[in-house]
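Report on one structure; see the data block that follows.
Laboratory data are not the source of any read-out in this text; all were calculated from the coordinates shown. Values in this document were obtained by computation on a predicted structure and should not be read as measured data. FYI the Cβ positions are ideal-geometry reconstructions off the backbone, even for glycines, and counts take in every protein chain you see.
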Amino acid sequence: MIAYILYNRDTPEQRRAEDLAKRLTLEQVEAELLDADSPRGIQLCADYDILGRPAVVLVGASGTPVQVWQGADSLPTPSDVAYLAHQ
């Protein structure tokens with residue numbers, strides 16, 4: 001599984017997104033940090049109906065989303081993501 005972390009650059013949430021990516025790596029969860037306004041970020045937002053930022057999308061090997069969190073108030077803890085990723 002991979003956790004895509006989408007954020008907007010130069011916002012207060014950028015630091016939280018970067019910190020979450022580092023902490024997920026420590027939890028042995030593959031994480032990809034993406035600017036939501038980049039071409040890849042725009043595509044992922046469209047594919048998974050992401051409107052809120054920052055957002056975390058945990059995606060299984062088949063490309064199916066396992067869990068989606070959107071908005072600064074809804075960001076998961078690294079242990080919540082790790083639990084789902086390692087099931």
Report task. Please identify, among Leu20, Leu75, Leu51, the residue showing maximal mean-square fluctuation in a Gaussian network model of the chain using a 10 angstrom Cα cutoff. Result -> Leu51
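Less than 13 Å Cβ to Cβ from Leu44, Lys/Arg counted +1 and Asp/Glu -1: what total charge do the surrounding residues give? Write down the numbers at each step before the final one.
Values: positive: Arg40, Arg53; negative: Glu32, Asp35, Asp37, Asp47, Asp49.
Here the count lands on -3.
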Report task. Would you please give the residues with an amide H less than 5 Å from that of Leu33, counting only those at least 5 places away or on a separate chain, with H modeled from the backbone geometry? Result -> Ile5
Report task. For the range 60-65, take each phi angle, set θ = phi - 60°, evaluate the Karplus expression 6.51 cos²θ - 1.76 cosθ + 1.60, and give the result in whole Hz per residue in order, putting x for glycine and proline. Result -> x, 4, 7, x, 7, x
Query - Antiparallel bridge percentage (DSSP; both residues within the range 2-87; nearest 5) - result: 60 percent
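Provide the net charge surrounding Leu24, with neighbours chosen by a C-beta distance below 12 Å and charges set as Lys +1, Arg +1, Asp -1, Glu -1.
Working: positive: Lys22, Arg23; negative: Glu18, Asp19, Glu27, Glu30, Glu32, Asp80.
Surrounding charge for Leu24 is -4.
Calculate how large, on average over all directions, the projected area of the Cα convex hull of the range 2-85 is; give the answer in nm² to one decimal.
Working: hull surface 19.0 nm².
The Cα convex hull of the range 2-85, projected and averaged over all directions, gives 4.8 nm².
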Report summary line: In a Gaussian network model of the chain with springs linking alpha carbons closer than 10 Å, the residue among Ala36, Ala72, Ala17 that fluctuates most is Ala72
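Asp80: net charge of surrounding residues, Cβ under 13 Å, Lys/Arg +1, Asp/Glu -1, itself excluded? Walk me through the numbers on the way to the answer.
Values: positive: Arg23; negative: Glu27.
Once all neighbours under 13 Å are counted, the net charge is 0.
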Report summary line: The simple spin-label model distance between Asp49 and Asp35, using points 7 Å out along Cα→Cβ, in nm, is 2.8 nm
Query raised in the report: GNM on the chain, C-alpha springs below 10 Å: top fluctuator among Val56, Val66, Val29?
Result: Val66
